[in-house]
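Coordinate-derived values only; no laboratory data. These numbers come from a predicted model, not from an experiment. Ideal geometry is used to build each Cβ from the backbone, glycine not excepted, and the neighbour counts take in all protein chains shown.
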Amino acid sequence: MEQEKKRFFENEQTRRDFLKFSGKSVGGAIVSLSVLNLIGCAPEEEASAPPVETAVAFALPQGMLVADKAKCTGCQRCESICNALHDGKMQPYTARVRVAENYNYGPDGPKINWANADGNFGNKMMNPETCKQCREPFCGNACPVDAISADPAWNNARVVDTEKCVGCGVCAEACPWHMPRLDPETGKSSKCVSCGACATYCPTDALKVIPWEDIKTAMRRYKRNFA
Amino acid sequence: MSNYGWTGKILRVNLSNESVSIDDTSKYKEYIGGMGIGYKIMADEVPVGTKAYDPENKLVFAAGPLTGAGIPMSSRTNITGLSPTNPSNLVADSHMGGNFAAMMKFAGYDAIIVEGKASSPVWLNIQDDEVTLESANNVWGTGIYNTTAVINSIAGKEASVAAIGQAGENMVNLSVIMNGTSHSAGGHGGVMGSKNLKAIAIKGTGSVEMAGTGKEWEELNKYMLEELVGANNNHVVPSTPQPWAEYHNERSRWTAREDLYWGAAEPPIETGICAAGDINRIGYRTDKAIFDLGPLAEKYTVRMGGCQSCPIRCHSQIKMPQLKEYGVSEYAENTCVGYSGPNGVMIKGSKDQFEEGDARILPRVLGSQLTDDYGVWCNYGMIGDDFKYAYNNGILKEVLPADEYNSIPWDLLEAGDPAFLVDFYRRIALKEGEFSKLGMGTYWVAKEWNYGDDFWDGAEDGTGSKIWSRLGFPRHHSSETAGQVGATLNCMFNRDAQCHTHVNLTGSGLPIEVQKKVIADVYAIGSEDALDAPNDYTPANEAKAKFAKWSIIRNVLHDSLTLCNWMWPMTASPLKERNYIGDTAIEAKFMNLVTGEDYTEEELDFAAERIFQLHRALTTMQMGSKNMREDHDDICGWVFDKDPDVEAFTAGTNKLDRDDMKLAMTMFYKEMGWDEETGIPTQATLDKFGLNDIADKMSSMGLLA
C-alpha cells in the first residue's frame, strides 16, 4: 500500500511543487483564488503555473474508503462506529458511510421493478455509499465560507471545520452523491475523513481504505465497490 | 432521567379519534423499555376481560435504551398486546428484528402505543416529530411486499415500514407484523388488522445520545466482539475441525470453513476460516443457507442478511430462479422456523422438482415468501401439525363442504409438490372457507374440529407431537433442552416460549463438562448441577430451578433493553484462554455506558424480574385463576409418556417424570416467590417489586392467597 501511494505522489510532483510555491504546505487548507492573487500567483501573471481552473488548491488525499457490494450484508455497524467516534451519539442520518438509506430499494428508491432491483426487497444487493475524496471536491469548492479543506491531520481528506461551517447545506447539494450531511440537531455539516474505523470493524470485511485515486479511475478498477 | 439511551418520548396514537400525543418515558424507567413498557401499559390501561380484537386492546411497539445505540444485536422491536391465539386472549409479546426498532429511536420515540380503531384503513406516517395518518385504501388487500414498496415511495426510500398482509387485515389469528422482507413478529398481525391499521412507516434523522464517549463505546464493543460473541445462537465452537479451535461440533452454527461459498454472490464469496477474535469475519461465521436448506443451497446463496447493529448474519438470502415457476420472486430470505414452518405443512413430505436435493429447499424458500407476503404466522411450526392431524384422521373430509374439499389440490400434497403451499396459504390468508380455520391457531381449530386427546397427549407410543400446552402453543426449546429447565420455562408464557438463554448454552457446541463449568460461573446459579447431559437427565434440583428462573429473567431483560435473546446473554465464550466462560455482566456495562446509570447485573436482573412478576400477575388476573399450576402451567402428556419402554432419568431418553416435574415446578415457584402450590405471586413478592397496585387489584379479585 505504501508503495502504491509513493508511486502516485511521484506522478503528482508538479502539483505538489506548485502548492509549495504558493506558500502553503502540501497538506494545507484551501488556497482560494483571492489568496493566490495576494501572493502574486494570479493566472495572468504566472504563465508557468497551471491554469487556475485546475489549480484549486486541495492537496491530494492519501486514502479513500470503498465498499464491496458483494460482501456488504447491510448490518450498518459501520454507521454506528462512525457516529460513535465522530459524533459521540448515534445518528445514522449523519453517518459518513451510508448503508441504511439504500437498504430497502437501492439508491433510487422503489420503482416499478423493485422486486428485481437493488435492495433488500429486490435482488438483496446492498449499496453502501462512501465519500470519494474528490480531486476537486464539489463540496469544498461550493462552500461559501471555506469551511472544507484538505486536512493534514486526516491525510488530506476533505474535512469540514465545524467552527467555520454556517450550516447552509451547499456542500451537500453540490456533492454529486450528496455525501456531506447537515446534522439537524447541531446545524453543522460533516463528511467522511477516511479514518477507516468503519473498515476496521466491518464484520464481513466489506470496507477498506485504499490508496487514493481519482474517482473516475477508481470506479473503473473497483466496479462493484460503488453504489 | 437523562435522555441518554432513552429518547424520553412515547408516541401515543389513538386511531378512533385520529389524535396523537406524547408520553414521557421516564415514568416507565423501572420497567427499562421494550417488553417492560409494553406490559406496564397493558396492566395500567387495558381492562381485564378485554378481547384481542376489541378496540380497547392496545398494541405497544417498544424498544429499549440500548436500541439505536449500536450495541451488537440490539434492533429488536417488542410488540405487546392481547393475543387472539390463546383461549382467554391473554397478553403476549411478539418480536421482530430488522431496522424498525432502531429507526423508531432515531425518529425520537422509545415506544409507539396504538389504541382504538380507525374508521377506514390507514397507515401511520412518522417523519421525526411529524406524525400523520394516511389512507391505506391503495394498499389494503395487498401483500406486505407491495404495501411496503408503495408506502416507501411516499414516506421515503429509507423509511422502515412495519406492515401486515392480507392475513392480518382479515384478522387471521395466526398472522404477523413484519418489517423488511423477513423480520416478522408472530401473533399480533390480526390485532393490527382489527384496528384498520395497515402499516407504520418511520423515518428518523435524529440521534440516540449516550453518556459514555465514543472511545469507550469502541472499546466495549471491541471487547465483546473479540472475546465473547460466537456464531448464531452464540454457538462458540465451529462445526468442522478448524486450526484455531480446540473443539468442534457438527450441530454448531459456526459453519464457516474453507471452500464454502456464498455461491450466488457476484463474484462468489468464500466464508473461509473465521477464527474466534477476528472481528472482520464474524459475519461469515454462520452460513444459515446450508444449515437450514442443506448443501445444495450453497450455489443459490447470495449472502447472509440480518438486523441493524448485528454482526451475526443469521438470515440467508437466496436467488433461486426456479421459484418463478410458482409465481413468486426468485429472491427469498429467512431463517429457522421462517423456513421450517412452511415446510411442516408438506405433511406427506416433499419430492425433488428440478434437481436432486431441491426438495429440502423449495418448500422452505417458497413457503417463506408466501407466508411473509400474506403475513401468515406458523405458531412456531404448529400449523403443519394441526393440519396433519385433521388430514390424517379424516377430519377435513367431515368438516369441509364437499365442494370445498374437492377444490383443494390434494394430488399436489400427496405428490410432495411444494406448489401445494400456494393454494394452502391463499386459503388461510384470505380466510377462504372452512379450511381457513387452520389459521385460527391450535387451540381454536382443535376446539372447532373436535380434536381428540391423542392430539394433545400424543399417540400411545408418545411420538409425533410437539404441542406443549392445552392453551394452544407448542414446545420451544422445552424438555429436550436441559430437561426440567426447558420444561419449566416453556410453561411460563402465554404463547410458545421465546427464550434462548438456556439453549444458547446447551447448543453452544462445548462439551458438557465445559458447559457445566460455564453455568456454575453464573452468579445466579452457581452450581454444575443446573445442567444435565443431553438425554441423560437427573431429578429436579434447586440449581435447575435457578437456571430456569435466570433463563427467563435474562430473556425478559433482553426483550426490554432491547437485545436479541437469540444471541444474548454472552454466557459462553469461544476463547480457550477464558476457559470458554463469557461475561454475563456485559449487558450492565453497555447499559451504564449508554445511559450513564450505574447498574450491576444483579440490579438489571431484579428490574427484569419485576417485569416478569407483572406478566405473571397480569396473566393470573386475565385468567381469573386461583390455581395457575393447574390452569396455566399444565404440560401435555406426551412429555411424560414418550418412550414407553424406558423410565425417565435413563440415558437415551428426554422423557420427564410427572411427580418430578411437579417438584421442579414447586422449586421454581419458590425461587420466584410464588405460592408453592398455586404458582400465584404472593403479596410479599409483589410488594418487594413495588407492584402494590397490582397486589391490590388481585386481592380485590380474590386471587391472592
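Take each residue of peptide B:144-150, count the partner chain Cβ atoms within 10 Å of its Cβ, and average: the result is 4.
Pairwise Cα distances in the stretch B:413-490 exceed 17 Å for 61 percent of all pairs. Karplus-derived 3J(HN,Hα) values for the stretch B:262-279, using 6.51 cos²θ - 1.76 cosθ + 1.60 with θ = phi - 60°, are 7, x, 9, 6, 10, x, x, 10, 7, 5, x, 7, 10, 5, 4, x, 7, 4 Hz; glycine and proline are entered as x.
Equivalent ellipsoid semi-axes for the stretch B:1-89, as square roots of 5 times the alpha carbon gyration tensor eigenvalues: give them largest first, rounded to whole Å. Don't jump to the answer; show the numbers that get you there.
Details: eigenvalues 122, 49, 27 Å².
Working through the eigenvalues yields semi-axes of 25, 16, 12 Å.
For B:N17 and B:E647, a Förster radius of 45 Å and the Cβ-Cβ distance give a FRET efficiency of 0.10, rounded to the nearest 0.05.
The GluC sites (Glu not before Pro) found in the stretch B:439-546 that occupy coil by DSSP, while having at most 13 further C-beta atoms within 10 Å, are B:E460.
Beta bridges from DSSP with both residues in the stretch B:9-203: antiparallel share about 75 percent, rounded to the nearest 5. Remark on B:I269: its backbone amide H falls under 5 Å from those of B:W262, a criterion applied only to residues 5 or more positions apart or on other chains, H modelled at 1.01 Å from N. Taking amide H positions as modeled 1.01 Å from N, with prolines and chain starts lacking one, the residues under 5 Å from B:I581 and 5 or more places away or on another chain are B:S573. Stokes-Einstein diffusion for the protein assembly as shown, with the hydrodynamic radius set to the Kirkwood value over Cα pairs and evaluated at 20 °C in a medium of 1.002 mPa s, equals 74 µm²/s. With N denoting the number of residues in the stretch B:9-203, provide Rg(C-alpha) divided by 2.2 N^0.38 Å, to two decimal places. Here the Cα radius of gyration is 0.91 times the empirical estimate.
Neighbours of B:D496 by Cβ distance under 11 Å: Lys/Arg scored +1, Asp/Glu scored -1, total +3. Of the chymotrypsin sites (Phe, Trp or Tyr not before Pro) found in the stretch B:349-379, the ones in coil according to DSSP and having at most 14 other Cβ atoms within 10 Å of their Cβ are B:F354. Here the dipole of the protein assembly as shown is about 2080 debye; that uses its Cα centre as origin and unit charges on the Cβ of Lys and Arg (positive) and Asp and Glu (negative). Size descriptors for the stretch B:572-705: radius of gyration and Dmax over Cα atoms are 19.6, 58 Å. Considering only the Cα atoms of the stretch A:61-227, their convex hull presents on average a projected area of 9.3 nm². Here is the list for the stretch A:157-204: GluC sites (Glu not before Pro) lying in DSSP coil, each with at most 13 other C-beta atoms within 10 angstrom of its C-beta, are A:E163. The length gained on full extension between B:K51 and B:W410, counted as 0.36 nm times the residue separation minus their Cα-Cα distance, comes to 125.6 nm.
In the protein assembly as shown, the DSSP beta bridges split such that about 80 percent are antiparallel, to the nearest 5.
The alpha-carbon positions of chain B define a convex hull whose volume is 146 Å³ per residue.
From the alpha carbon centroid of the stretch A:138-154 to that of the stretch B:651-681 is 68 Å. Our compactness index for the stretch B:399-553, the C-alpha radius of gyration over the empirical 2.2 N^0.38 Å, is 1.37. When all alpha carbon pairs of the stretch B:328-411 are counted in 5 Å bins from zero, the resulting P(r) reads 3, 14, 20, 22, 20, 14, 6, 2 %.
Close amide H pairs (under 5 Å, H built 1.01 Å from N) link B:V176 with B:G165, B:G168, B:G187, B:G189, B:V376, B:W377, residues at least 5 positions away or on another chain. For B:D259 and B:S135, the FRET efficiency from 1/(1 + (r/R0)^6), where r spans their Cβ atoms and R0 equals 51 Å, is about 0.45. Inter-chain neighbour count for A:118-131: the average number of beta-carbon atoms from partner chains within 10 Å of each residue's beta-carbon is 4. Summing charges over all other residues whose Cβ lies under 11 Å from the Cβ of B:S407, with Lys and Arg as +1 and Asp and Glu as -1, gives -3. From the alpha carbon centroid of the stretch B:615-641 to that of the stretch B:86-114 is 26 Å. Each residue of the stretch B:245-255 in turn: what ³J(HN,Hα) in whole Hz from Karplus with 6.51, -1.76, 1.60 and θ = phi - 60°, glycine and Pro shown as x? So the J values, rounded to whole Hz, are 10, 6, 10, 9, 8, 5, 8, 5, 8, 8, 8.
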